[in-house]
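Accompanying notes for the structure given below.
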Amino acid sequence: MNTAPAAPPVTGQPRLLLRLEGLTALAAAVTAYGLAGGCWTLFAALLLLPDLAMAGYLVGRRVGALAYNLAHSYLAPALVGGIGLVTEAEAAGSVALVWAAHIGFDRALGYGLKYPEGFTATHLGTIGTGQAASRA
């Protein structure tokens, strides 16, 4: 089975910048969560929740990639956070910050959005081959 992405992955300096952006997003989300007085037990409990989207791979590669990408794009936590701001729902803001921290952590480690060719095929490189780390 060919797990090569449909488009070439990001490499070199742009890849490093994307990983640093992820680290920056992680730091910003954790800092904002702390400044907002968030409960650190809740933070720990929710931090890996977006990874449940990997269950989509039980249905198939396309569904898995779609589910993973929806849960690992900054669009969803931005929407949840925006709704929290408009409705003054602190819980939504907390969830959004933890979610953004998770995505930032993943990006900093080099885990990118998935291509339907397979779980290891991401926009930041192929996971598990050493290729992703060597291009950072």
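Every number in this text was worked out from the coordinates using simple rules, so none of it is lab data. Remember, it's a predicted structure, so these values are computed and weren't measured experimentally.
Between ALA55 and GLU88, what is 0.36 nm times their sequence separation minus the Cα-Cα distance? Round to one decimal in nm.
8.7 nm
Please give the calculated 222 nm ellipticity per residue for the chain, where each DSSP H segment of at least 4 residues contributes -39500 (n - 2.57) and the sum is spread over every residue; nearest 500 deg cm²/dmol?
Result for the chain, helices only: -18500 deg cm²/dmol.
For the chain, what value does the Rg/Rh ratio take when both radii are computed over Cα atoms and Rh is the Kirkwood radius, given to two decimals?
1.01
DSSP H helices in the chain with Cα extent of 24 Å or more along the helix axis and mean Kyte-Doolittle hydropathy at least 0.0?
Long hydrophobic helices here: 12-35, 90-109.
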